[in-house]
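Report on the structure given below.
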Amino acid sequence: MTIEKPILEVEDLSKYFDVSAPLLRRLVRREGRATLRAVDRVKFSIPKGKTLSLVGESGCGKSTVARLVVGLYEPTTGKVVFDGHDMAAKHSRKEMAGLRRRFQMIFQDPFASLNPRWRVYDIIAEPIRAHGIARDEREISRRVAQNLERVKLSARDGEKFPHEFSGGQRQRISIARALASEPEFLVCDEPTSALDVSVQAQILNLMKDLQRELGLSYLFISHDLAVVYHIADYLGVMYLGRLVEVGPAREIFKNPQHPYTRMLLDAIPDLEMTGRKRIPVGGEVPSPISPPSGCHFHPRCPFANERCQREAPGVTTLSGEIDVRCHAVEEGRLAGEVEKLRMQSSAA
Amino acid sequence: MSNKKPVLEVRNLRVEFPNRRGNLVAVDDVSFTVNEGEVLGVVGESGAGKSMTGSAVIGLLEPPGRIAGGEVLLDGERIDNLSPEAMRRVRGKRIGMVFQDPLTSLNPLYTVGRQLTETIQTHQNVSDSQARKQAIDLLAEVGIPAPEKRIDQYPHQFSGGMRQRVVIALALCVNPRMIIADEPTTALDVSIQAQIIKLLKRLCEDHGAAVMLITHDMGVIAETADRVAVMYAGRIAEIGPVKDVIKNAKHPYTKGLMGSIPVVGHDLERLSQIEGSMPRLTEIPRGCAFNPRCPEVFDRCRVERPDLIDVGTSRAACWLHDPASAKKTEAAE
Ligand SMILES: Nc1ncnc2c1ncn2[C@@H]1O[C@H](COP(=O)(O)OP(=O)(O)OP(=O)(O)O)[C@@H](O)[C@H]1O
Ligand SMILES: Nc1ncnc2c1ncn2[C@@H]1O[C@H](COP(=O)(O)OP(=O)(O)O)[C@@H](O)[C@H]1O
Ligand code: SF4
Ligand code: SF4
Ligand SMILES: [Mg+2]
Ligand SMILES: [Mg+2]
């Protein structure tokens, strides 16, 4: 996937965690150190003004990518490049603060991410003061009001405390706070997962409107493929720390390549009630501490062979700017085998 | 509707939570039936009263919550007025329960096999080895691979999806007349969710049990339920065959809810949205509880509370479907 003028590029990005037992226990049981590869050599980029969504099952590393991107974690390997600036390179304090201001993060839980003892006004004024965006109190108050109105709350709501708001309204407050430092890029980690569907629709509509009005770019994490279909321009599918498929979202939804992507799309509940026939999904998500050898997906994959058990697949770039990590795709045997399986399951 | 026998009948159920300022009504005048071999889906947004309805049916309301009115019948016999001891026996023998977090239903200190065999033996007079064999068969039935090995493991050695299968196996030990599943797939990953849904559906068909499936996920309902009850602010807003409720909703709330769910393959710039959010129990508006959010609200909605009204094969609690209000709006025009 090569994109002209990306706002964000990550390359070879990894985060490994040491999850070893305490030293004494390791000595007694003769265990070695254990490393968990929460994110393993991930590469993607996001163009200005667009949304890339990461999807995948619990524990596959989505939130860890988000934290790496906003600098809450140091990468184990690789780099994060924001608007041409390598975030790991030496920057003066001032440069760094300037870069940091330009991207913000929104979390899943709007209850935990707002300080309950602060009035909404102060919650939103804080980043304005911290980044020196305005110093004069009149100007600060004008900006707080403006950001509250942007998220369809009123300036008077500034006087209240977070507990006086519903879940959806609190998520609006988090968005208003994130917008207060006038960022260009928002990292959103499951921003609507804790909300009811009718409230989720309000927030998704709001986020799309804001993107259009302010030219924002999003890294939008979700496990809900229908939400992703609605919001994303680009899609990345993760499995046990690896990005197994990434590219334009519509392309992937229409014509998924990686066997895991196919399985995920097949598992989406059929709300249309078309009664479409699907290839049944089997197996469990393995433990990320001791993932299967070779291609992590091989125990669940109907197309796995001996090579898949042995060797981790590299990246194959397909037409339409889609990157896939799968031997069967690389060897060009996947399409034929999918067809065979379809025939078998419809015959059965 | 089918001519199958009703297993569960709930009539005018009312659940209250007494507090200092009076009574909070969490479930208000709720009636429905679930037939043999049928899955009734109960959907609604959080706080709608789904779980309270389920808990009231199985006699597991947390005090101070209490049934303040109505009747619950299992196979034609009232069970809402039984002593706690008698109700415990009914639950053990005739009702299976599956909750969101499988760990709440499993004892971490016992092997999966011990929990299954103990349950089997409290209800059937069978030898240890027979009980063990039944337990292995049940684990196989719910799709646990290598059940003869897995049976001697502890719950923490199972993944989330497998634990939920064990809970379902436990619910089946007694060959229940009805199964109540409250958000059984909410904590699971999508690929595992699909497996559990299929399992519940198959078991309902094979065992002829009645299933009450409580969830906030319309997708799960579309895949599993025969009929659906949509709850809003403690009441049933609409109830009917799943196809009608999903594709041809009669209540403005159901319509709004369906429109607000994103769907893969639907290219929309914006989702249709219902303004506002569900009222708290202390702030339920007069008249129709949905009236402040309803795009079709008219005068009568702010004064009178609608009961369920027949509309084709469904029933909806909405004045739009009352012939009398139709006349009135015509007259006004
Ligand atoms: N600080 C940490 N120390 C050790 N392991 C961690 C740490 N943070 C995350 N992990 C592990 O890294 C893996 C990826 O975690 P992450 O939170 O990124 O998953 P996720 O995709 O966001 O999952 P979910 O959908 O459940 O939010 C998991 O196995 C997790 O247990
Ligand atoms: N112990 C309690 N005291 C007062 N109100 C309660 C209590 N437990 C639940 N409720 C209220 O009852 C209503 C219905 O809750 P519940 O059935 O759990 O909703 P859901 O549809 O999300 O399952 C909610 O408004 C909830 O706040
Ligand atoms: S590499 Fe092999 S096991 Fe992995 S997804 Fe491709 S075919 Fe399946
Ligand atoms: S009764 Fe009135 S307010 Fe209530 S749903 Fe029907 S039209 Fe809307
Ligand atoms: Mg996460
Ligand atoms: Mg509930």
Task: Count of residues meeting criterion [away from chain A (no Cβ under 14 Å) and touching a residue at least 12 places away in the same chain (Cβ under 8 Å)] in segment B:185-210 - done: 7
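Yes or no, residue by residue, for (1) touching a Pro at 6+ places or on another chain (Cβ under 8 Å); (2) within 21 Å of residue B:10 (Cα to Cα); (3) buried (at least 20 other Cβ atoms within 10 Å of the Cβ):
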| position | (1), (2), (3) |
| --- | --- |
| B:91 | no, yes, no |
| B:105 | no, no, no |
| B:112 | yes, no, yes |
| B:139 | yes, no, yes |
| B:142 | no, no, yes |
| B:153 | no, no, no |
| B:159 | no, no, no |
| B:165 | no, no, yes |
| B:171 | no, no, yes |
TODO: Quick one: which residue in B:122, B:53, B:111 is under 25 Å from residue B:223 (Cβ atoms) and away from ligand 4 (no atom under 16 Å from the Cβ)?
DONE: B:53
- [ ] Select the helices (runs of 4 or more DSSP H) contained entirely in segment A:300-348, then report the ones holding at least 3 residues which are surrounded by 17 or more Cβ atoms within 10 Å (Cβ to Cβ).
- [x] A:327-331
Task: Selected residue (only one of B:260, B:314, B:272, B:277 is touching a strand residue (DSSP E or B) at 6+ places or on another chain (Cβ under 8 Å), among the small types (Gly, Ala, Ser) and either at pLDDT 95 or above or closer than 19 Å to residue B:216 by Cβ (or both)) - done: B:314
Task: Residue count for segment A:8-54, restricted to those that are more than 16 Å from ligand 3 (Cβ to nearest atom) and either over 16 Å from residue A:68 (Cβ atoms) or among the basic types (Lys, Arg) (or both) - done: 27
TODO: Among the residues of segment A:92-122, write down those that are more than 25 Å from the chain's Cα centre (by Cα) and not small (Gly, Ala, Ser).
DONE: A:93, A:94, A:95, A:116, A:117, A:118, A:119, A:120, A:121, A:122
Task: Residue in segment A:275-307 that is farthest from ligand 2 (Cβ to nearest atom), counting only those that are at pLDDT below 90 and hydroxyl-bearing (Ser, Thr, Tyr) - done: A:290
- [ ] Select from segment B:146-165 the residues that are among the hydrophobic types (A, V, I, L, M, F, W, C) and assigned to a loop (DSSP other than H, G, I, E, B) and write down the one among them that is nearest to the other protein chains (Cβ to nearest Cβ).
- [x] B:158
TODO: Quick one: in segment A:202-229, of everything that is closer than 24 Å to residue A:9 by Cβ and within 16 Å of ligand 1 (Cβ to nearest atom), which residue is modelled with the lowest pLDDT?
DONE: A:222
- [ ] Could you identify the single residue in B:197, B:168 that is at pLDDT below 85, β-branched (Val, Ile, Thr), under 24 Å from the mean Cα position of the chain (by Cα) and in a helix (DSSP H, G or I)?
- [x] B:197
Open item on the list: Any residue in segment A:298-311 that is free of Cβ contacts under 8 Å to residues at least 60 places away in the same chain sitting within a Cβ distance under 8 Å of a residue that is assigned to a helix (DSSP H, G or I) and within 16 Å of ligand 4 (Cβ to nearest atom)? List the pairs, counting only those 6 or more apart or interchain.
Closed with: none
TODO: Would you confirm whether any residue within segment B:245-262 is crowded, with 19+ Cβ neighbours inside 10 Å, without any contact (Cβ under 8 Å) to a residue 24 or more places away in the chain and either touching a His at 6+ places or on another chain (Cβ under 7 Å) or facing another protein chain (nearest Cβ under 9 Å) (or both)?
DONE: yes
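A quick yes/no check of all residues on (1) away from ligand 5 (no atom under 16 Å from the Cβ); (2) in a helix (DSSP H, G or I); (3) in contact (Cβ under 8 Å) with a residue 60 or more places away in the chain:
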site: A:10; (1), (2), (3): yes, no, yes
site: A:25; (1), (2), (3): yes, yes, no
site: A:41; (1), (2), (3): yes, no, yes
site: A:58; (1), (2), (3): no, no, yes
- [ ] Look through segment A:248-265, keep the residues that are closer than 13 Å to residue A:303 by Cα and not in a helix (DSSP H, G or I), and return whichever of them is nearest to the other protein chains (Cβ to nearest Cβ).
- [x] A:258
- [ ] Please tell me if residue A:45 is away from ligand 1 (no atom under 11 Å from the Cβ), hydroxyl-bearing (Ser, Thr, Tyr) and touching a residue at least 40 places away in the same chain (Cβ under 8 Å).
- [x] yes
- [ ] Give the residues of segment A:153-181 that are among the aliphatic types (A, V, I, L, M) and either closer than 25 Å to residue B:278 by Cα or in a strand (DSSP E or B) (or both), sorted by residue number.
- [x] A:153, A:155, A:173, A:175, A:176
Open item on the list: Regarding segment B:19-35, can at least one residue be identified that is within 11 Å of ligand 2 (Cβ to nearest atom) and in a loop (DSSP other than H, G, I, E, B)?
Closed with: no
- [ ] Could you look through segment A:182-208, keep only residues that are in a loop (DSSP other than H, G, I, E, B) and of a type in the set (Gly, Ala, Ser), and pick out the one that is surrounded by the most Cβ atoms within 10 Å (Cβ to Cβ)?
- [x] A:194
TODO: Inspect all residues belonging to segment B:84-93 and state whether any of them is more than 14 Å from chain A (Cβ to nearest Cβ), more than 16 Å from ligand 1 (Cβ to nearest atom), of a type outside the set (S, T, N, Q) and assigned to a loop (DSSP other than H, G, I, E, B).
DONE: no
Task: Qualifying positions in segment B:214-232 - in contact with a strand residue (DSSP E or B) (Cβ under 8 Å, 6 or more places away or on another chain), aliphatic (A, V, I, L, M) and within 13 Å of another protein chain (Cβ to nearest Cβ) - done: B:218, B:220, B:221, B:225, B:228, B:230, B:231
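The values are calculated or read from the model by the stated rules, or taken from the named source; none is laboratory data. What you see is a predicted model; the values in this text were computed from it and never measured. Cβ: placed from backbone, ideal geometry, glycine included. Neighbour counts: every protein chain shown.
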